[in-house]
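Below is one structure; the comments refer to it alone.
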Ligand SMILES: Cc1cc2nc3c(=O)[nH]c(=O)nc-3n(C[C@H](O)[C@H](O)[C@H](O)COP(=O)(O)OP(=O)(O)OC[C@H]3O[C@@H](n4cnc5c(N)ncnc54)[C@H](O)[C@@H]3O)c2cc1C
Ligand SMILES: Nc1ncnc2c1ncn2[C@@H]1O[C@H](COP(=O)(O)O)[C@@H](O)[C@H]1O
C-alpha cells in the first residue's frame, strides 16, 4: 500500500503574525515558515505505518509557491520516499487544494491519505473532508489513534464530548489531531539523503483543475486589542474585585 | 430563498451551539428552516419547532443518520441544498466533520468559523489563531457556513411555532461504522456555553491536582478547561482543551491557572469578558490579556481562593 500525505507550508507557529498595512493579508516576507504542525504528525503516522510493514511507500504532496518544495524536503528528511510539488499561489483555497489532491490520488492510487485536521494559517479545517468527498472515500477526522487491517482503519476521534471510535473502509482519508503521535526530528544524515530523493512537479493545468478562488478577500484586519488589566496583590483582593467589579461570583 | 440550519443534537438534547447558529442565520434573512437528522430522534423535532425564528423543521429519522456519520449525512444535505441560499452548522466537531464534505459535493468553498455576518454574502472569520480577521465575500451560489458559537448570542429556545415535515433518508453508503464512544460527561456546565470557566495548564503538575480546580469550579458553577500542555500530559481529557485547535470559549469569567498564555491558547479564550490569570512567572504572556493578574504559586493561591469562596 502507498500512503499519500499532503503537507502545507505555513508561517511557523511560534511567529507572531503581522497584518499588512494595506489590509490585503498578513506579512509573509522574511517570516520564518515551516511545515504545518498537524502535517508533521500526519507524516510521522505514515512513516510508522510503513515501518510496521503495512505500507511500502510514503508520498508527500505540497501545493504552494516554489518554496513549498522546502517543506517537501523537510518531510523527505523525516523519512518519506518522494514528493510531488504543485505550483500555485499561497492562498489557494481548500476546495481547489482538495481537487488537486484528489486528482493526484487518482493517478497515484494510494490506499490511505493522511492529512492534518487544520492548517494553522487559514484555520479552515476542511481539506481532508473535501478530498474524501470528491474521491467518494470514507473519512475519519481528528484522529488520536489509528489501527489498520487490509480492509479497514479503526480510528479514535477527538470530539467535543470526548472520544469516539469508528471503523472506516479503506481507502480512507484520515485527518490527524495533536495527540496522535510525537513527530520525529530529521537526523543530519537523513537531511542529506533527502536532498537526493525525487520531487516531481505538476501543475493545476496538467491536472485539469480550475483553481480560481470562490472567496474574495475584502480585507484582513488586526483583532481588537484587549485593554490592559491590573495586577492584584492577594487572593483576597482578587475575590473582592471579582465580586464588586464583575459581579459574577 | 430560505436558509437551512443543521441541528446538532446528542442524547435527546439540542447542542447549545445550534442556538447561536440560528442567530447567525437570522442575520441572513428568512425563512429559516432546520434539519434534524438522526435515528430515533424522539423529542428533538418538537423541541426544534420551539426555537424562535425557525419556520419549518425537516426531519430525517433513519438508521443511516445514527451517530452523524459524515459519509451518510453529506448526501442528505446535498439533496436539500437547491432549496436554500445558505446552509449553516455550528463550528463544532460535528459541523466541522460533515459540512466540508457536503460543500465539496456541491462544489462550494465553505466559509469556516464565521464570527460576523457583514452581508448575506460577506462574512468575517478569524485566521492565524485569531491574530487576524479576514472579511471574505463568497461568489458561490449557495453558501455553506460553520458558525463560531461564542460570537453569536443563543437564539431563544422557546416561542417558535415551526411546522414539521418528514423527509426520507438517502441510504447508508456503508463506508464507515460507529463502534463506541467514551464521553467525559460531567455534572458541570458545558465548556463552550458555561458562564465561568476555570482552566489549568502545565503548571498544575499532576492530574490529581486538577481536583483543586474542580473544587473551585463547583463553588462557582463553572466548567473546567485546560491548555493543550495539560491535556497532552494527561492531566485532563482531550475535550477540555481550549484554544486554536480545541474549543473556543467566551464566558463572563475565565480563570487561567498555571497557563503561560501561548497564542494558540489565547485564540480560544481571548474574547472572555473578564480574564483572571494566576501564574508564578510575572513575565508570563497571559498577563497581557488578563484583567486581573495574580503573581503567585498556584498551590497556595488556589486553595486560598477555594476557602474564600465558602
Ligand atoms: C499546532 C498547534 C496547535 C496548538 N493548539 C493549542 C490549543 O488549542 N490550546 C492550547 O492551550 N495550546 C495549543 N498549542 C500549544 C501551545 O503552543 C502551548 O504549548 C500550550 O498552550 C502551553 O500550555 P501551558 O500554558 O499549560 O504550558 P506552559 O507554557 O509550560 O506554561 C505553564 C505555566 O505555568 C506556570 N506555573 C508553573 N508552576 C506554577 C505554579 N506552581 N504556580 C503558578 N504558576 C505556575 C509557569 O510559569 C508557566 O507560565 C498548540 C500548539 C501547536 C503547535
Ligand atoms: N496547499 C496545501 N498543500 C498541501 N496540503 C494542504 C494544503 N492546504 C491544506 N493541505 C492539507 O489539508 C489539511 C487541512 O487544511 P485546511 O483545510 O486548509 O485547514 C492540512 O493540514 C494539509 O494536510
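The values are calculated or read from the model by the stated rules, or taken from the named source; none is laboratory data. Quick caveat: nothing in here was measured; it's all calculated off a predicted structure. Backbone-built Cβ (ideal geometry, glycine too); neighbour counts: all protein chains shown.
Things to note:
- Residue list for segment B:272-294, filter: more than 9 Å from every other protein chain (Cβ to nearest Cβ), in contact with a helix residue (DSSP H, G or I) (Cβ under 8 Å, 6 or more places away or on another chain) and part of a loop (DSSP other than H, G, I, E, B): B:280
- Subset tally (residues that are more than 14 Å from ligand 2 (Cβ to nearest atom) and either under 12 Å from the mean Cα position of the chain (by Cα) or in a helix (DSSP H, G or I) (or both)) for segment B:102-112: 2
- The residues on offer are A:155, A:146, and the sole one that is within 14 Å of chain B (Cβ to nearest Cβ), at pLDDT 95 or above and within 18 Å of residue A:37 (Cβ to Cβ) is A:146.
- When the strands (runs of 3 or more DSSP E) confined to segment B:147-242 are screened for residues that are more than 30 Å from residue B:5 (Cβ to Cβ) and at pLDDT 95 or above, those reaching at least 1 such residues are found at B:196-200, B:223-226.
Each row is one residue, and each column tells you yes or no for (1) surrounded by fewer than 22 Cβ atoms within 10 Å (Cβ to Cβ); (2) more than 9 Å from chain A (Cβ to nearest Cβ); (3) touching a residue at least 60 places away in the same chain (Cβ under 8 Å).
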residue: B:118; (1), (2), (3): yes, no, no
residue: B:136; (1), (2), (3): no, no, no
residue: B:143; (1), (2), (3): no, yes, no
residue: B:146; (1), (2), (3): no, no, no
residue: B:150; (1), (2), (3): yes, yes, yes
residue: B:154; (1), (2), (3): yes, yes, yes
residue: B:158; (1), (2), (3): yes, yes, yes
residue: B:173; (1), (2), (3): yes, no, yes
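- The criterion of at least 3 residues that are closer than 18 Å to residue B:116 by Cα is met, among strands (runs of 3 or more DSSP E) falling completely within segment B:1-101, by B:2-6, B:84-90.
- The number of residues in segment B:278-293 being more than 9 Å from ligand 1 (Cβ to nearest atom) and buried (at least 20 other Cβ atoms within 10 Å of the Cβ) comes to 6.
- Only strands (runs of 3 or more DSSP E) whose full extent lies in segment A:198-238 are considered here, and the ones with at least 2 residues that are in contact with a strand residue (DSSP E or B) (Cβ under 7 Å, 6 or more places away or on another chain), more than 11 Å from chain B (Cβ to nearest Cβ) and farther than 14 Å from residue A:97 by Cβ are A:199-203.
- Filtering segment B:295-310 to residues that are within 9 Å of ligand 1 (Cβ to nearest atom) and either surrounded by 15 or more Cβ atoms within 10 Å (Cβ to Cβ) or part of a helix (DSSP H, G or I) (or both) leaves B:295, B:296, B:298, B:299, B:300, B:301, B:302.
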